[in-house]
Number of protein chains: 4
Amino acid sequence: MIKASIIGATGYAGTELARLLKHHPGVEIKYLASKSYAGKEFGELYPNHSCEDFVLSNIEIEKICKASDIVFTALPHGISSETVIQLNEYDIKIVDLSGDFRYNDEVLYEKWYKVKHPSPSLMKSAVYGLSELYKENIKTSKIVGNPGCFTTCGIITLYPLIENDLIDHETIVYDAKSGVTGAGRGLSNALHFCEVESNFKAYKIANHRHTSEIEEKISIAANESVYISFTPHLLPTKRGILGTIYANLKDGVTAEDIQKAFVEKYNNQPFIKLLGENKTPELKHVVGSNSLITGFVVDKRLNRLIIVSVIDNLLKGAAGQAVQNMNIMFDLDETTGLNTDGWYL
Amino acid sequence: MIKASIIGATGYAGTELARLLKHHPGVEIKYLASKSYAGKEFGELYPNHSCEDFVLSNIEIEKICKASDIVFTALPHGISSETVIQLNEYDIKIVDLSGDFRYNDEVLYEKWYKVKHPSPSLMKSAVYGLSELYKENIKTSKIVGNPGCFTTCGIITLYPLIENDLIDHETIVYDAKSGVTGAGRGLSNALHFCEVESNFKAYKIANHRHTSEIEEKISIAANESVYISFTPHLLPTKRGILGTIYANLKDGVTAEDIQKAFVEKYNNQPFIKLLGENKTPELKHVVGSNSLITGFVVDKRLNRLIIVSVIDNLLKGAAGQAVQNMNIMFDLDETTGLNTDGWYL
Amino acid sequence: MIKASIIGATGYAGTELARLLKHHPGVEIKYLASKSYAGKEFGELYPNHSCEDFVLSNIEIEKICKASDIVFTALPHGISSETVIQLNEYDIKIVDLSGDFRYNDEVLYEKWYKVKHPSPSLMKSAVYGLSELYKENIKTSKIVGNPGCFTTCGIITLYPLIENDLIDHETIVYDAKSGVTGAGRGLSNALHFCEVESNFKAYKIANHRHTSEIEEKISIAANESVYISFTPHLLPTKRGILGTIYANLKDGVTAEDIQKAFVEKYNNQPFIKLLGENKTPELKHVVGSNSLITGFVVDKRLNRLIIVSVIDNLLKGAAGQAVQNMNIMFDLDETTGLNTDGWYL
Amino acid sequence: MIKASIIGATGYAGTELARLLKHHPGVEIKYLASKSYAGKEFGELYPNHSCEDFVLSNIEIEKICKASDIVFTALPHGISSETVIQLNEYDIKIVDLSGDFRYNDEVLYEKWYKVKHPSPSLMKSAVYGLSELYKENIKTSKIVGNPGCFTTCGIITLYPLIENDLIDHETIVYDAKSGVTGAGRGLSNALHFCEVESNFKAYKIANHRHTSEIEEKISIAANESVYISFTPHLLPTKRGILGTIYANLKDGVTAEDIQKAFVEKYNNQPFIKLLGENKTPELKHVVGSNSLITGFVVDKRLNRLIIVSVIDNLLKGAAGQAVQNMNIMFDLDETTGLNTDGWYL
């Protein structure tokens, strides 16, 4: 049994992670640590949660590390890097769900996060945890920087298209719509029920941090700098991300070429479902599951590709991918503990 | 008092129109006609509606026209054109809410609607009822083809940019999100509460009819054919459209140029609210009102413009604009009966 | 023109009140005062609100009173009573939306509100603003204690039944369900979108303050102390209250007797809609309007009456009734500025 | 492995049942049969469902029975009884999710369902599948009549109180609120998204069929006829039932007596969670799980008990309890395949 702990277990990502680990047949949870709620039972915050009887512990690094094979950190950026630096002293695996270990380039990180990274070298040593793309590196990594929710959806969709040089880099638009859990559990007027219900809005247009994370990864695929328009929107739902991605096709590229690129890249990936041409997924097809589903349309009038991809932001976009990465790191079947399907109803 | 009647009064657009006309200080409603519900009281379908005591009448053209100064038709396309041909025999004004009188070019209409138009000449004689753009023509028109909901939002936003040659025509993306009333009152599994709630999806990608309506009008502004990507999505809300529009700026075009074009076009238009640069509206700011609110961001990294515009699909996108057009046709203040503000809560 | 001001204009009730007063043909708004937001434009908080251009002012009692014929206070209880004591020094009318001036009996108030009332005599001099029941007193009052939302729905429904001795006082259950605006604009984890959406719960069972307000008023009708079970629940909607009320019928009482009692009491009341036997209202029939709609079923198997009543908690349950009371106090038609119907869609 | 089939697999209850059986470690699904969709893949209706690759089969009784150890029928009442009569010819277990096998008394059934039962003797031979109350009988039964959703919530809550003579039978009120999946997948204007969203209503007041099902079972516990007020309401959510139950306490009965009765009855029942006095559950605590959670308040002013109970209508109220009953019939641990916890988010 893998002994696992979570630091920052009471936020939305941490809570989902606790649920997944509790049901995972190869995992024993050792500590659920929380700065704000240490000493309380998990069930006081989340009644009828499978971890409801757990008593939340303090964030005592040594105690946690000595009892654990893997520690997940689900903390705000900045705080997370400081914590991971301490965790790194111990012989454990680490999956960090913040933005602090997702970049190769600390200058890029510091530009978009507006903080200095306390250990650029540790950041560079971490592996980017987009399971389908970096599986081999994840296997042997000590620290995984678990990807952001919007970035998971965006990169998985764009990577094979760029790698195979099928789309015009100057024309990429990623119009994304996310449920409210993506904004976290913190209080703000903007997340009051009466503000969100029956409402819809764009936010952080042209300056959301996930832009840089997507661009760094697809630029690697392109062997050149690629910049995209990324516009997140807030849906009046709790969960799920739907991304609508637009790009002009390179001359002569056909729908078959698109589908071939997707199939070659993802055919054996258990969590990627390819609908092919002229069929696109809905948010509910994926909420509750660790899958990404994608389908596309080629608008021949414009020689433009429109792709729709969906994920559950808390699963494939956060806690689910974290467990998938753990499975890879510990040489388990990648789908262990993640075989739930979408909650259609 | 203007004597007004509605044919097709029980659909969602017709119902809103009845509400607006009932409260309009210069209007007396003569007939609310309905094929399906003739003989019933309006309040049986819509309790506590201001027209609840009205008995729905049959669609008897002669009777309705003789009693009315203006007749609104809120019927399915195809049926609407046949009805308007009959209405046209009488000395009345007509505002048609279907797609049947929105086009100059019947070939375009027939291509996208897949039906033959029964009177292309009557179609050509109609004025396109986008109030802010065609006010002078609307004043003297007999038949107004009231615009579609997505098209109202799209054309108002794009027109001044194209007219002033500020954006690259090859790069226009209109990613639109609409509430469910836009799909109408008809029954289908896709509109069952359990299908829509907590869900989100794109539909009719690259083939929604409103694409052609937008393209015809902005092509006139451009003096050349302009084609766009238009992707509608279904929000789990009842009302409202939010459009996110992307286009690359022509060389040297600045945010100031964008704002200047909007201000010159819309400064005196009571229902157009310009937020300017770096401020964008939310759906709730406009639900319940006849306004269109728009704001934009220039992403200098990409020299790309991102505009967000919102309308209430049932008001500025349908019944509200129909009343606005009536006000113009009868030389009333354009805002009469339309001075409600957004229902923030 | 009545010169009106609001102290506490930015909470949900204050905001709705500002909207109603702005559209009221006999009112000129003088001050919208706010402790938290003085100096800001109203539109910064509520874009596209009809008062968006108003600059929120400080709570300066003298300045406000000298400019106003009537001042509405929409403040937390305790704070409200202190403010009204100051307002009372001026020759103005006052409508207080808090619980501070709703009781005859300060002992009852202090028991349920757990605070000492600073002026029991002023409280006693105030008139309870349930417009339909106390119209004559409201006309000549200086201070109106505007009723609570649950209480308005409960008292209007129960009063004629108790006054006519039709139901068994020992068996009254008022199971109420309210939208989230009833809980106000303040931040709390319980009002986070992700807590409320798709959720439903009872709260403050057997100890909600409105219990005492209902009991005081219906006890007067009964000429004896009447106690009820009142259970509020939180609906995942923004607006509206639906109350399901149960009581055993006194021997021999029929459905006709029930209907007769309602008709005699409310037949000429413009905002009370009586559906009669075997027809009950839905929440949406009333959201957006100042009406209360009620209908009932007699379960002959049990000789029990089940009544369903609905109101919009922000209108008839707060701001709408406040305007109705103002109309009565200033001898205007009671419905002035309140003739909106339900927003069905 | 238990070989299981479902007849009527595409309704909401059938769909959830298919999901549960697919993940059940002791079950192999043989047939998913559907009158309307035979020949289609399950995934065409429910993409990303764990049974998406299953081809829906025709309702061929012999073929299905010969391949199955257990057949679940999720069909409309009336149709279900005819089908079960045929299934009964084979050596299989049957769990029927309709109302057709829930009653002892066919007169009662026929009065409330307005149809004649084709085999009252078979109905009498069936065991009522309220797992916690009839476990011993379920073990050896051939046909289980799986309880209704409202009835499961109501009976589990009321049974120990009545059995122990703690409440006054003349004063029982069960005010229930259900998500829309309870109304099924069939189309009707009342279930259109725009009708349900932001709405709330009571329906079938004093004449919902589940009234009779509850009354039959609690009358057995009482050894006399007990009649109750049962009022269902429709929540704007997809899943879940919250019941608020009122009853006057018999003289001298205390909160401790109430809790004792619950504990004695349900202490070892894995799916019943007892919160005790002054703590009540929310809908979200149970959606996604097979649990019933209950808590209560004693209002000493009235000597009245108020209990709040919640279940997931599709799980404990339908498909989950059906699986629980199968587990009992096949001597598996009762919780097998049902250990999911609530979906808090």
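Computed from the coordinates by the stated procedures, all read-outs in this text should not be read as laboratory data. As the structure is a computational prediction, the values presented were derived from the model and not from experiment. Cβ atoms come from the backbone with ideal geometry, glycine included; neighbour counts cover every protein chain shown.
Counted over the stretch C:204-345, the DSSP beta bridges are approximately 75% antiparallel. The alpha-carbon positions of the stretch B:99-258 define a convex hull whose volume is 136 Å³ per residue. Backbone amide hydrogens, once placed in the peptide plane, bring residue D:57 within less than 5 Å of D:32, D:33, D:34, D:39, excluding anything fewer than 5 places away on its chain. For chain C, modelled as a GNM with alpha-carbon contacts under 10 angstrom, which of C:203, C:37, C:159 fluctuates the most? Greatest mean-square fluctuation among the candidates belongs to C:203. Near residue B:116, which lysines are there with a Cα under 17 Å away, not counting those fewer than 8 places off in the same chain? Candidates past the 8-residue exclusion: B:124.
Other protein chain C-beta atoms within 10 Å of residue C-beta, averaged over A:305-312: 3.
Cross-link partners of residue C:260 among aspartates and glutamates, defined as those whose alpha carbon lies under 16 angstrom from its own and excluding same-chain residues fewer than eight positions apart: C:163, C:165, C:277. Of the GluC sites (Glu not before Pro) in the stretch D:2-104, the ones in a loop by DSSP (not H, G, I, E or B) with at most 12 other beta carbons within 10 Å are D:89. The Rg/Rh ratio for the stretch B:200-324, using Cα coordinates for both the radius of gyration and the Kirkwood hydrodynamic radius, is 0.95. For the listed residue pairs C:35/C:66; A:279/D:238; A:201/B:238; D:238/D:316; A:93/D:22; C:177/D:279, the alpha carbons are over 22 angstrom apart in A:279/D:238; A:93/D:22. From the Kirkwood radius over Cα pairs of the stretch D:1-61, Stokes-Einstein at 4 °C and 1.567 mPa s returns a whole-number translational diffusion coefficient of 116 µm²/s. Spatially, the stretch D:38-107 and the stretch A:52-114 are offset by 50 Å when compared through their Cα centroids.
At q = 0.16 Å⁻¹, what log₁₀ I(q)/I(0) does a Debye calculation on the Cα points of the stretch D:66-113 give, no solvent, two decimals? Here log10 of I(q) over I(0) equals -0.45. Averaging 1/r over every pair of different alpha carbons in the stretch B:54-141 and inverting the result gives a Kirkwood radius of 13.8 Å.
Amide H contacts of residue B:93 (H built 1.01 Å from N, in plane; Pro and chain starts excluded): B:70, B:71 sit under 5 Å, all sequence-distant by 5 or more or on other chains.
Counting from the shortest, the label point at residue A:3, 7 Å from Cα toward Cβ, is 4.7, 7.7, 9.0 nm from the same position in each remaining copy.
Peptide C:185-193 shows a mean partner chain C-beta count of 6 within 10 Å per residue C-beta.
Counting every other Cβ atom within 10 Å of each residue's Cβ, C:149, D:65 order from fewest to most as D:65, C:149.
Counting only other chain Cβ atoms within 10 Å of each residue's Cβ, the peptide D:296-302 averages 5.
Between the C-alpha center of the stretch B:181-235 and that of the stretch D:154-224 there is a gap of 41 Å.
Annotation for residue B:190, label-to-label distances across the other copies: 2.6, 3.2, 4.1 nm (shortest first, one decimal, point 7 Å from Cα along Cα→Cβ).
Computed over the Cα atoms of the protein assembly as shown, pair by distinct pair, the Kirkwood hydrodynamic radius stands at 33.3 angstrom. Over the protein assembly as shown, what is the percentage of antiparallel beta bridges among all DSSP beta bridges, to the nearest 5? Here the antiparallel bridges make up roughly 45 percent for the protein assembly as shown. Label-to-label distances for residue B:38 across copies, nearest first, come out at 4.3, 6.5, 7.8 nm, using points 7 Å from Cα in the beta-carbon direction.
Using only the alpha-carbon atoms, how far is helix D:12-23 inclined from the longest principal axis of chain D? Give it as 0 to 90 degrees, nearest 10. Roughly 70 degrees between the two axes.
At q = 0.06 Å⁻¹ the log10 of I(q)/I(0) for chain D amounts to -0.20, computed by Debye summation with a single uniform scatterer per C-alpha, solvent ignored. The mean sequence separation of alpha-carbon pairs under 8 Å and at least six residues apart, normalised by the residue count of chain B, gives a relative contact order of 17 percent. When only Cα pairs below 8 angstrom with a gap of at least 6 residues are kept, the stretch A:31-82 shows a relative contact order of 32 percent. Where only DSSP H runs of four or more residues are counted, chain B gives -9000 deg cm²/dmol as its mean residue ellipticity at 222 nm, each run worth -39500 (n - 2.57). Within chain C, antiparallel bridges make up roughly 45 percent of the DSSP beta bridges whose residues both belong there.
The long axis of helix B:210-222 is offset from the longest Cα principal axis of chain B by roughly 60 degrees. Our summary gives the stretch C:1-160 a relative contact order of 18 percent, counting only alpha carbon pairs under 8 angstrom and 6 or more residues apart. Please give the helix A:149-163 orientation as an angle from the longest Cα principal axis of chain A, in degrees from 0 to 90, rounded to the nearest 10. For helix A:149-163, the angle is close to 40 degrees.
Annotation: the residues B:326, A:1, A:123, sorted from fewest to most other C-beta atoms within 10 Å of their own C-beta, follow the order A:1, A:123, B:326. Ordering B:304, A:301, A:209 by the number of other Cβ atoms within 10 Å of each residue's own Cβ, fewest first, gives A:301, A:209, B:304.
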